[in-house]
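Note sheet for the following structure.
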Amino acid sequence: MNKRNKIVALAGLAHAGMLGGAYFIFEKLMGLPPCAMCFWQRYPHGAAIVIAIAALFLPGPILPALGLLAALTTGGIGIYHAGVEQKWWAGPSSCTGSGQDLGALSGADLLAVDAAPKLVMCDQISWQWLGLSMPAWNAVVSFGIAIIWIMAIRASRRTV
């Protein structure tokens, strides 16, 4: 495996680690269900995994550049989400304290005590470490992964 593909594989594994950590550690082990904005942050990680797999088979800098874009996108969403949690700016009314949309729930859902759906608000910090919440950590790590993608782009240019 050439240097470029090793770097691409590292980036893809890092994105997979982010998705796996979010799902298995936070969601399943710790019981922290994701909010809507948490899911928004996961989509670019998933796209980056697919991009990394394709980039292992297709040479050139275009796919690593798309991987970089995915990492920057999820990092940007993470910053936006962290700002919503800190009340620095308003978030979407559908998942913040400013107006949870209960219209999507049936009357039976609203009245069920034992099977009541858990409404996860995007503007509430559910976990933090060293003063940073999950979306803030997603941004930090995603920008680190972006550096790996930049290295892959550079390595692509050297091998072309």
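The values are calculated or read from the model by the stated rules, or taken from the named source; none is laboratory data. All figures in this text were calculated on a predicted structure; none of them were measured in a lab. Heads up, the Cβs are rebuilt from the backbone with ideal geometry, glycines too, and the neighbour counts pull from every protein chain shown. Just so you know, the surface numbers come from the protein's heavy atoms only, side chains and all, with ligands and any DNA or RNA stripped out. Shrake-Rupley method; radii C 1.70, N 1.55, O 1.52, S 1.80 Å.
Residues within the reach of a label modelled at residue 158 (point 7 angstrom out along Cα to beta-carbon, backbone nitrogen below 20 Å), restricted to segment 25-64, are 55-64.
Based on alpha carbons, the Rg and Dmax found for segment 47-93 are 14.9, 44 Å. For segment 1-100, the fraction of alpha-carbon pairs lying more than 22 Å apart is 40 percent, rounded to a whole number. Listed values for segment 6-13 are Karplus-derived 3J(HN,Hα) couplings in whole Hz (6.51 cos²θ - 1.76 cosθ + 1.60, θ = phi - 60°), namely 5, 5, 4, 4, 4, 4, x, 5, and x replaces Gly and Pro.
Sorting 4, 157, 42 by accessible area puts them as 157, 42, 4; the probe is 1.4 Å, largest comes first, and only protein heavy atoms count.
Placing a pseudo-label 7 Å from each Cα along the Cα-to-Cβ vector at residue 147 and residue 125 gives an inter-label distance of 2.5 nm. Distances between placed amide hydrogens fall under 5 Å for residue 32 paired with 27, all partners being 5 or more residues away or on another chain. 3J(HN,Hα) along segment 35-49: 8, 4, 5, 4, 5, 4, 6, 6, 4, x, 4, x, 4, 5, 5 Hz, from the Karplus curve 6.51 cos²θ - 1.76 cosθ + 1.60 with θ = phi - 60°, whole Hz, x for Gly and Pro.
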